[in-house]
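K.L.:
Have a look at the structure that comes next, please.
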Amino acid sequence: MAQSFKYYRPLYSIFAFVSLGALLWYQFTITRIDLMHFTPVRFIPGLMMAIPGILIMIICIRKYFYELSGLQALQEDKSKVTLQKRGLHQYVRHPLYLGTLLFIWGLFCIFPNLSNLIACLVVTVYTIIGIELEEKKLRVEFGNEYLEYSKKVPKLFPGI
């Protein structure tokens, strides 16, 4: 994006917000088709994924809202930006994406219907693409520091 690089994050945030709105609109207007009947066997694992997922999302959004929204990129000097390696970032490089995936797939386990499955698949594909684009940006932005960090910390799932 050359000179427009500082607009990457705000534009991405706007795109993500609009895309999420479109997905939610679709989700709530589609006829609900249950894929499975409710059972506690799926409910418990669903909660075990959804609750940590939403907690991870809250931690990340609360801690990084200014950065994630793109407001920081518009106002600050790039020399002040540092690579995040503490907190959840010491376990995975993309904790917000991990929390999002845990949350949505946990909800699918609890409410296994077609619209939730479609939403989970769309968000998962979107997240995978987003991670790859973010990885490219971080390699450009932080160079060898990011390459070394990426060798030590997994992209999405701890321990993998």
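K.L.:
In the stretch 28-70, which residues are under 19 Å from the mean Cα position of the chain (by Cα), at pLDDT below 80 and open to solvent by less than 80 Å² (accessible area, probe 1.4 Å)?
P.N.:
Result: 64, 67, 68, 69, 70.
K.L.:
Related question: Could you list, in sequence order, the residues of the stretch 102-124 that are surrounded by fewer than 18 Cβ atoms within 10 Å (Cβ to Cβ) and within 11 Å of the chain's Cα centre (by Cα)?
P.N.:
Within the stretch 102-124, just 124 meets the criteria.
K.L.:
Being in a loop (DSSP other than H, G, I, E, B) and either among the hydrophobic types (A, V, I, L, M, F, W, C) or in contact with an Asp or Glu (Cβ under 9 Å, 6 or more places away or on another chain) (or both) is the filter here; which residues of the stretch 129-160 pass it?
P.N.:
Taking the stretch 129-160 as the starting set, the residues that turn out to be in a loop (DSSP other than H, G, I, E, B) are 143, 153-160.
Scanning the stretch 129-160 gives 153, 155, 156, 157, 160.
K.L.:
So, one more: Pairs, please: C-beta under 7 Å, at least 6 apart or cross-chain, first residue touching a residue at least 12 places away in the same chain (Cβ under 8 Å) and open to solvent by less than 50 Å² (accessible area, probe 1.4 Å) and in the stretch 139-157, second of a type in the set (A, V, I, L, M) and not in a loop (DSSP other than H, G, I, E, B)?
P.N.:
Sorted first by the residue in the stretch 139-157, then by its partner, the pairs are 146/138; 156/98; 156/131.
The values are calculated or read from the model by the stated rules, or taken from the named source; none is laboratory data. Predicted model, so just to flag it, every value in this text is computed and none were measured. Every residue, glycine as well, gets a Cβ built from its backbone with ideal geometry; the counts of neighbours run over all protein chains shown. Ligands, DNA and RNA are excluded from the accessible area calculation, which covers all protein heavy atoms including side chains. Shrake-Rupley method; radii C 1.70, N 1.55, O 1.52, S 1.80 Å.
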